[in-house]
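Accompanying notes for the structure given below.
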Amino acid sequence: MKVYQVRYGLVKSALDAHTLGLSSVSHLLEECGFEVFTADATISDAIDKISNIHFFEILKKWIISNKITHIGFSYRLDPKQALESFSRLIYKIENDELLSFKKNGCVSKIYFAGLPESCKLIEKEFGRKFETFKGDESPVETLQKLGVSDALIPKSIREKSIYDELRLFFGKKLINEEKQSHIYPFKQYNYENYGTSKDHLIERLSYARKLHQLPLTRVHVGPYLKDREKALALFSEWLKKLSKSHFLDIVSVGSSQLSQSKFGEDWGDFPNGGGVPFNNEFELKAIREDASPMLVRAYSGTKNVAYIASILEENINQAWHALSLWWFNKIDGRGPLSVRQSLSEHVETLKYIAKTGKPYEPNISHHFAFRGSDDVTYIVSAYLAAKTAKLIGIEYLVLQNMLNTPKSTWGVKDLAKSRVLLRLIKTLEDRNFRVIYQPRAGLDFFSPDLDKAKMQLAAVTALMTDVEPERNNSPEIIHVVSYSEALFLANPDVINESIQITKAALKYYPEFRKKNSVYDIIQNKEIVAMSNELWEEANILIKDMEKNVKNLYTSEGLYDVFKKGYFPVPYLWEGREEFSNAVNWTTTIMSGGVCVVDDNGKKMNIHDRLEKIKNLNINKLVGSGNL
């Protein structure tokens, strides 16, 4: 038997555009000293066609030539297809003389990473024969499951993991001691407009601050039923139950896609697809009445945006308006407008919002992150939205910050990114413009194990308070993502329990932080250095935009920024030709954060990045004959 040194090969389906998960694992293994080979497009295509002997030989040659001993297979799409693809891979390898671990071949270990349901199907089919990764593993857990001994895990990874492990330990302790069961609702708001059609977020924040009841809690709520009447009826029941419980301050209506795209129209045979399917002003008024005294808000339309904003304002007394500027249109399949049209309508809607005196939430940064953008883009895209809003006359900005995005982001990197995001946008504050900080957990952060998910909810709440640990009233609002997110939509009981866990974490974490010297971690030199680097890069990028993009803080300027390639989105599905400069980047997870890398896989410094943007646009002009 030929003995091979352990070498890892990471492969995925060509159908799955996302590579950040693979790059995260790759960098972890490389930091431990292992050679890692990540499959290119040819190998990914061969994986999908592996039943054909020609394509299996392509994969086999790649494995043997690189002396790969451990294969990690990632499939994040349909669970049934994941099982089929993985089973085909196992069958081909087990029946090959040169590869099979049954026949002294070179491959000794195979792993699977995918959706929780995919992992369940594979475990049911193969038992414990293969390790599966559901995505809720810490960096150290990931390495241990990959067979890396503790002695080979470097100090740098362990030290960066300590903060995440401490917070999860806090969450475990809190849940095991059932601290959340001793959290009770607060019912003593009694200012003049409380619960009326004239209630206002700023008024409630002010009153809650006086009573030491910050942060306010906001939850995205909505049942998933295809029958419109039944969905509205169930939502009405949920609102009344949440209202009577007094745990929730702000209900964010989980609008149906049809409500956003075809409000007031005849829906005919269009499938609802889930969400709250309101379609007229009467139904909106009923939502506000059922929800009172909670504040209510709903997402904007995907066309006739200003008109829909006015409808929401008049009928539910919109707590604040949210607009996505570059998103919720053709490039993400959420609406009929082009990006240029979307930006134009959103800017006009901002002018309307300014007249109402209501706050605005830029629902933006995480949409870039979902398409593979780096941490600098996450920060700068929010800044451009905030400054545009300020120049238009918006007085209050609700700054949503989605943590754990991507979910392999390390806590220390989230702290650095969040602090720079908040610090940069707060440079815009003056007596006419105020920033209200609203963090939340990541969209796919929580484990399908509900007990672990509850612990994670407490842990991410702790992270929220560590962004500005010196401020007693930070954050002012928490967007509570319910612990059941990985398995099912939260009903009122789960929502209330999630709020109790969040508030219990807020209550008990300060003492835990003090006793366990967490301050030494969250204020250490490494996090300061991360923050300083992001701060410098973000400011250099903004200054270059302001210098080279005409009328930057207008709809045309914001369009040009995206088109010129300032915001990398390598995983963009639609509009890749129109935004070819934006997709012409490679990003990867490095040291727990996302960065742009060069052709050699090294982090690209900001000046080289600006030079690439310049060259991309010069080449476009030359190619078009406009230079």
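Coordinate-derived values only; no laboratory data. For clarity, every value in this text was computed on a predicted model and none was experimentally measured. All Cβ positions, even for glycine, are placed from backbone atoms using ideal geometry, and neighbour counts span all protein chains on display.
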Percent relative contact order for region 7-153, counting Cα pairs under 8 Å at least six residues apart, stands at 23
The helix 555-564 Cα axis meets the longest alpha-carbon principal axis of the chain at an angle in degrees, between 0 and 90 and rounded to 10, of 10
Whole-Hz Karplus couplings 3J(HN,Hα) for region 277-282, θ = phi - 60° and coefficients 6.51, -1.76, 1.60, Gly and Pro as x, run x, 6, 9, 7, 5, 4
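If you take every DSSP beta bridge fully contained in the chain, what fraction is antiparallel? Give it as a percent rounded to 5.
Details: 7 of 49 bridges.
Percentage antiparallel, nearest 5: 15.
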re region 186-325: pairs of Cα atoms spaced beyond 22 Å account for a percent value of 37
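Using a Förster radius of 35 Å, what is the FRET efficiency between GLU177 and GLU94 based on their Cβ-Cβ separation? Nearest 0.05, please. Please report the intermediate quantities before stating the final value.
Values: r = 47 Å, r/R0 = 1.35.
Approximately 0.15, to the nearest 0.05.
Using mean Cβ contacts within 10 Å as the protection proxy, how do 383-392, 5-14 order, highest first? Can you show the working numbers first?
Working: 383-392: 22.1, 5-14: 19.9.
Top to bottom by mean Cβ count within 10 Å: 383-392, 5-14.
From the P(r) of region 231-301, can you give the percent of Cα pairs sitting at distances over 17 Å?
On the way: 993 of 2485 pairs.
For region 231-301, the fraction of Cα-Cα distances above 17 Å is 40 percent.
Place a +1 charge on the Cβ of each Lys and Arg in region 209-307 and a -1 charge on the Cβ of each Asp and Glu, then give the dipole magnitude about the Cα centre in debye, rounded to the nearest 20.
Charge dipole, region 209-307, about its Cα centre: 540 debye, nearest 20.
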Charge tally for neighbours of GLY393 with beta carbon under 10 Å away, counting Lys, Arg as +1 and Asp, Glu as -1, is +2
The alpha-carbon center of region 231-289 and that of region 83-156 are separated, in whole Å, by 43
Quick calc, LYS80 & LYS102: beta-carbon distance into FRET formula, R0 30 Å, rounding 0.05, result 0.70
Once Lys and Arg are counted +1 and Asp and Glu -1 for all other residues with Cβ under 10 Å from that of LEU428, the total becomes +2
With ASN66 itself left out, Lys, Arg at +1 and Asp, Glu at -1 over residues whose Cβ is under 10 Å from its Cβ give +2
Sorting THR69, ALA82, SER100 by the position of each Cα along the dipole of region 21-118 (Lys, Arg +1; Asp, Glu -1; all at Cβ), the one nearest the positive end of that ordering is SER100
Descending packing, highest mean Cβ count within 10 Å first, for 505-512, 192-199 is 505-512, 192-199
A correct Karplus calculation of ³J(HN,Hα) over region 190-199, with 6.51 cos²θ - 1.76 cosθ + 1.60, θ = phi - 60°, whole Hz and x for Gly and Pro, returns 8, 6, 3, 9, 4, x, 9, 6, 10, 4
Treating every alpha carbon of region 378-508 as one equal point scatterer without solvent, the Debye formula yields log10 I(q)/I(0) values at q = 0.12 Å⁻¹ of -0.49
Long-range amide H partners of ILE477, meaning residues 5 or more apart or on another chain whose placed amide H is closer than 5 Å, are LEU216, TYR437
Reviewing (i) 87, 60, 47; (ii) 82, 69, 57; (iii) 196, 65, 52, the figure for Cα extents along the principal axes in Å actually calculated from this model sits under (ii)
Sorted on mean Cβ neighbours within 10 Å (highest first), peptides 54-66, 552-564, 36-48 come out as 552-564, 36-48, 54-66
In degrees, nearest 10, the alpha-carbon axis of helix 492-515 is tilted away from the dominant principal axis of the alpha carbons of the chain by 80
PRE zone check, label point 7 Å out along Cα-to-Cβ of GLU348, amide N under 18 Å, scope region 294-335, hits 300-313, 322-330, 335
One would report the Cα pair-distance distribution of region 7-153, bin width 5 Å, in %, as 2, 10, 21, 24, 23, 15, 5, 1, 0
In this structure, the FRET efficiency calculated for PHE186 and TRP267 from their beta-carbon separation, with R0 = 35 Å, to the nearest 0.05, is 0.30
In degrees rounded to 10, the 0-90 angle between helix 411-426 Cα long axis and the longest Cα principal axis of the chain is 40
Between the alpha carbon centres of region 499-537 and region 305-384 the gap in Å comes to 30
Per-residue Cβ contact counts at 10 Å, fewest first, order LYS92, LYS155 as LYS155, LYS92
Once phi for every residue in region 370-382 is put through the Karplus expression 6.51 cos²θ - 1.76 cosθ + 1.60 (θ = phi - 60°), the whole-Hz ³J(HN,Hα) values, with Gly and Pro written as x, are 4, 9, x, 6, 8, 5, 5, 4, 3, 6, 5, 4, 5
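For a quick check: sort ARG167, ARG128 by the number of other beta carbons within 10 angstrom, fewest at the front. Intermediate values should be presented prior to the final figure.
Working: ARG167 27, ARG128 7.
Neighbour counts put them in this order, fewest first: ARG128, ARG167.
Please order HIS70, HIS182 by the number of other Cβ within 10 Å, starting at the fewest. The partial results should precede the final answer.
On the way: HIS70 20, HIS182 10.
Fewest-to-most ranking of HIS70, HIS182: HIS182, HIS70.
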Quick shape summary for region 547-624, equivalent ellipsoid via Cα gyration tensor, semi-axes whole Å in descending order, reads 22, 14, 14
For region 73-223 the translational diffusion coefficient, Stokes-Einstein from a Kirkwood Rh over Cα pairs at 20 °C and viscosity 1.002 mPa s, in µm²/s, is roughly 104
The size of the Cβ-based charge dipole (Lys, Arg +1; Asp, Glu -1) of the chain about the Cα centre, to the nearest 20 debye, is 680
